[in-house]
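Reviewing the structure listed below.
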Amino acid sequence: MSTSDSPTAPDDRPAMSRLLDRPNRPATIAESTKASAESRVLRREPQFNLLVFRCGAEWFAIPAEYVVHVSKVTNVHTLPHRTNNSFRGLTALSGAVIPVFDFIGLLGVPPAAENILRKPRMLTVGTAEESWAFEADDVPGVYAMPRNAVKPLPLTVEQSPRRISSGLLSTVQGSTSLVDPERLINEFRNAIG
């Protein structure tokens, strides 16, 4: 009996070793290279972190770097002859006295339906030097979104004099307005007068 007629000896190596030692087909190498290159391109896409919140019936997102603090709702102390439908008063958060605004009253946001569950939180936005607070009805969290996911505003919103949004996003919550933090802070400043 010649050596070519003898049966091949069983491979006693573990299955994983046999799998990893098998020769790669050129088509498999090309597919893997293409998939790896595409995933690198996707990872390079610029992203930004957004805090998503709901006020009334609408969802909003603000860049996370403008969020100073998220806390339980605190007591708001009114100021005689200074409060109105936009400016609610002052509150103490983390040892600082901060002006509080009614986001819904300030921007004319429609109220939420009565059957929508509220999980209110006090959001403080701005910078370390200048902060402003308002109550949000729900704050599901911070999401990473690609910058190219921002869609333009409808023309009717774009031309609104009290516009604080710079674009629209599709989030888990649905259509979400991307808040321009500078415009929002200017609305807060104007509300104080």
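The values are calculated or read from the model by the stated rules, or taken from the named source; none is laboratory data. Model, not experiment: these values are computed from the prediction. So basically every Cβ, Gly included, is an ideal-geometry build from the backbone, and we count neighbours across all protein chains shown. What goes into the accessible areas is simple: the full protein's heavy atoms, side chains included, and nothing from ligands, DNA or RNA. Shrake-Rupley method; radii C 1.70, N 1.55, O 1.52, S 1.80 Å.
What the table shows:
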| read-out | value |
| --- | --- |
| Förster-model FRET efficiency, 41 Å R0, A27 and R147, C-beta, rounded to 0.05 | 0.70 |
| Candidate residues T176, T78: accessible-area rank, largest first, probe 1.4 Å | T78, T176 |
| Contact order normalised by residue count of the stretch 72-193, Cα under 8 Å, 6+ apart, percent | 18 percent |
| Rounded to the nearest 10 Å², the accessible area of K72 at probe 1.4 Å | 150 Å² |
| FRET efficiency for S175 and T74, using Cβ-Cβ distance with R0 set to 25 Å, rounded to 0.05 | 0.25 |
| As computed over the stretch 46-112, the Cα convex hull volume per residue (Å³) | 111 Å³ |
| Net length gained if the chain between R18 and R118 were fully extended (0.36 nm per residue, minus Cα distance) | 30.3 nm |
| Distribution of pairwise C-alpha distances over the stretch 49-193, 5 Å bins, in % | 2, 9, 20, 23, 23, 14, 7, 2, 0, 0 |
| Accessible surface of V76 - all protein chains present, 1.4 Å probe, nearest 10 Å² | 40 Å² |
